[in-house]
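Below is one structure; the comments refer to it alone.
No lab work stands behind these numbers, since they all come straight from the coordinates. These figures come from a predicted structure and were not determined experimentally. Backbone-built Cβ (ideal geometry, glycine too); neighbour counts: all protein chains shown.
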């Protein structure tokens, strides 16, 4: 079982590697270059091969003519002394057969008239060219001439009325394997060298890619090193300039939000002070709730903006889960009437941003209280395993449709049903909750059944 698991893991890693390789710019450029080189080699090979093949066929007709004239010059019967002088000069072997069917052997040869060297033995002759091949070039050849092989040696056969002359060369054509290996080695070396230069010239692309990934992680300070003075250098400068503009705009926006929130909170603080100074009245509670609502809206808007960018660090600390739940419940003065803790709170510590996690749980309970329209208490329960803590917040409202569930975490999206009053807020509660959980490498899961309420599950990794 362990071996099978290991093999599957290795296979998955190889598949992932090849998928990544196929997406690489260098791989695509290399594959394109290799394909182009291969096609170019084929075209050049065809062109040169066709050219030399055509040229050779013309030379073959000339060669056949000279063989024919040479044999005619030896007379009938052939002058063996003259033959020996000529073939020694041309470095040829020669064997002459009489044309007499009555003496033909099993290979179709007649009796041997003369051979040089004397020990030369006849072999089967295979013709590769015919008279028609020579005559198409307009060369008139007096005798019948065929070119081919006798055994493994290149040979030419010339026939007169009474004799057949077989000329061969003691020559072995060199193997093309050595040339192929040499050409392959040179091609591989060229491709490696070309790949090196491609990577060198496209290195700024790699730097730009790494800088963009760093930007996603929140790095607004570092810059791309400028290499050379070409188009990629201009692109690098443009990216650096763009990141500087982003940094400036983000700082300006953050400062604007801080200023606006400060200006809004100042009159709210005065309102809270004035409310406390008012004599008892039945509407004082409502006034306090409205001021608290405005304060919550301002806090949610600021936090939503901060969590929308990856440039904010979490203030991580180790805190007991029970303390977080206590802080959440303290935000609801009447929590005994609206919230019910199911089971025991696990006795564990979490490494989280206490303020943000508290706000996330508070937003979920507040959201359930606003939109459940049910007199039943909101149930909070916990599940714990070796990897994750799951906090379930269940309401007993009318439920949410599948289409609306997918939109719930969209900023400013709110589900308003017919016959229901519009609840105060901007529709940022679940959006902020999702961003907080994901910033802790967790997940927000929502499940619902029409008529049976909804469950909002906050899944936090323990490590």
- request: Could you line up 93, 280 from fewest to most neighbouring Cβ atoms inside 10 Å?
  value: 280, 93
message: Please report, in whole Å³, the volume per residue of the convex hull around the C-alpha atoms of region 106-175.
response: 122
message: From the Cα trace of region 84-236, what convex hull volume per residue do you get, rounded to a whole Å³?
response: 263
